[in-house]
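Peer 1: Dumping the structure here so I can ask a few things about it.
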Amino acid sequence: MSIKSQSFRARTIANRIYLDHAATTPLHPAAHAAMEEGLAHWANPSSPHAEGRKARRLLEDARERVKKALGWDGEVIFTSGASEAAALALGHAKAGARLVNTVEHDCILQAAPQAEQLPVLGNGAVDHENLAEAVWRERPLVAVQHVNSETGNRQDLAAIAAITHGEGGLLLVDCAQSAGKFDLPPCDMAIVSAHKFGGPIGSGALLVKDYAMLEPLGGQERGYRRGTENMPASLGMAAALEACADGYLAPDVLEPLDALAGECRRIGGTWLSDRLADPTRYIRAIAMPAMSATAQVMRFDMAGIAISQGSACSSGTMKTSRVLEAMALDPAIAANTIRVSFGWSTTRAEVERFCAVWLELADA
């Protein structure tokens, strides 16, 4: 199929194409089956009766499966998602100053409103020299997003961990966009969100090397989280992570984007991956010449394709991305930049369709 196709305006849209997988992905069949098992045996895992003990065994089995799937040798605290995990870590870590970067996800900035925000370079990478100057204070907690949810840039966590640990600090890594796709980076704590890799919405985890790094809250999850555990969702998360072991997405699915990148450059657009320190496959930011991102979101929606402008958690505002502003991207380019992302269920045909519609809009 050619990257060019008949006009999308004249084509009947039979099925919508969802290319906002950085926000969520469809529930994986393995996760669905696991949740059904959990619901069939549902009881409060904290209850001492037989049904509660059965639920507890299933929950602890899910915990061990999550550890194994992620290659994590520490502890797993199940949460309602990444935002709660961030709040637990940033609000209760036994550390001093909180240091974050200007391109972090909103949940990180909201969980640590008093944190010192460190600048990033124009390529989206953490400024290592600036970080080294900031971590001198007593036992700081440094929070870094592994893969940026708007640009797809991946941080050099090995170098960041060395800088942080060299001053006795703790490193919290937001792995919401990387868990299930890439190996966990070196860190003391990590944030995981199940719906990013085909698990159930409203389920996640805070991975901790040692419980002693956190102040206990009392309640469930060894006393580090309040609220009854969602055992069926935890089973679904474990099953989705195990399914990712077979490969998150076939390599050929995203091949059409290579041709689109060339066309984008040729007509004066911006393929943001060209500017990033370490671009990844699953999230792409693209600026179309002469059409605002807001207009593109609406036009793609009319064509049956769901994309986003900036992070899904803030895209409803239709404002220029603060992440792109932090990278000092030309405001005119930033205003025209959309974010597309790809999940385990994305097909090559869907990617080809997106490319064709993008080119038709650019030629309009």
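Peer 1: Report residue 273's accessible area, 1.4 Å probe, all protein chains in place, as a number in Å² to the nearest 10.
Peer 2: 20
Peer 1: Can you tally the net charge around residue 272? Count Lys and Arg as +1, Asp and Glu as -1, for every other residue whose Cβ sits under 11 Å from the Cβ of residue 272.
Peer 2: So the environment of residue 272 carries a net charge of +1.
Peer 1: Let me ask something additional. Evaluate the charge dipole of the chain about its Cα centre and quote only its size in Debye, nearest 20, assuming +1 on the Cβ of each Lys and Arg and -1 on the Cβ of each Asp and Glu.
Peer 2: Using only the charged Cβ atoms, the result is roughly 720 debye.
Peer 1: While we're here: Quick one: helix 29-40 against the long Cα principal axis of the chain, what's the angle to the nearest 10°, folded into 0 to 90?
Peer 2: So the helix axis and the longest Cα principal axis differ by about 40 degrees.
Peer 1: Separate question: Can you tell which of 239, 254, 271 lies farthest toward the positive end of the dipole of the stretch 225-282, using +1 and -1 charges on the Cβ of basic and acidic side chains (Lys, Arg; Asp, Glu)?
Peer 2: Towards the positive end, the residue furthest out is 271.
Peer 1: Here is a follow-up. Top mean-square fluctuation among 103, 192, 351, Gaussian network model of the chain, C-alpha springs under 10 Å?
Peer 2: For the chain, modelled as a Gaussian network with Cα springs under 10 Å, the answer is 351.
Peer 1: Taking K and R as +1 and D and E as -1, what net charge do the other residues with C-beta under 10 Å from the C-beta of residue 86 add up to?
Peer 2: -4
Peer 1: Only sites in a loop by DSSP and with at most 16 other Cβ atoms within 10 Å count here; which trypsin sites (Lys or Arg not before Pro) in the stretch 95-170 make the cut?
Peer 2: 137
Peer 1: Mind scanning 67/209; 68/181; 94/209; 67/181 and naming the pairs with a C-alpha gap bigger than 19 Å?
Peer 2: none
Peer 1: In a Gaussian network model over the chain where Cα atoms closer than 10 Å are linked, find which of 332, 190, 89 has the largest mean-square fluctuation.
Peer 2: So, out of 332, 190, 89, the one fluctuating most is 332.
Peer 1: Using a 1.4 angstrom probe on the protein heavy atoms only, line up 68, 196, 54 by accessible area, largest first.
Peer 2: 68, 54, 196
Peer 1: Of 33, 112, 240, which has the largest mean-square fluctuation in a 10 Å C-alpha GNM of the chain?
Peer 2: Top of the fluctuation ranking is 33.
Peer 1: Further, regarding this structure: Determine the sum of side-chain charges near residue 227: Lys and Arg each +1, Asp and Glu each -1, restricted to other residues whose C-beta is under 15 angstrom from that of residue 227.
Peer 2: Its environment carries a net charge of 0.
The values are calculated or read from the model by the stated rules, or taken from the named source; none is laboratory data. Note that the coordinates shown come from a computational prediction; the quantities given were computed from them, not determined experimentally. Positions of Cβ are backbone-derived with ideal geometry, glycine not excepted, and every protein chain shown enters the neighbour counts. Note: areas computed on protein heavy atoms with side chains; ligands, DNA, RNA excluded. Shrake-Rupley method; radii C 1.70, N 1.55, O 1.52, S 1.80 Å.
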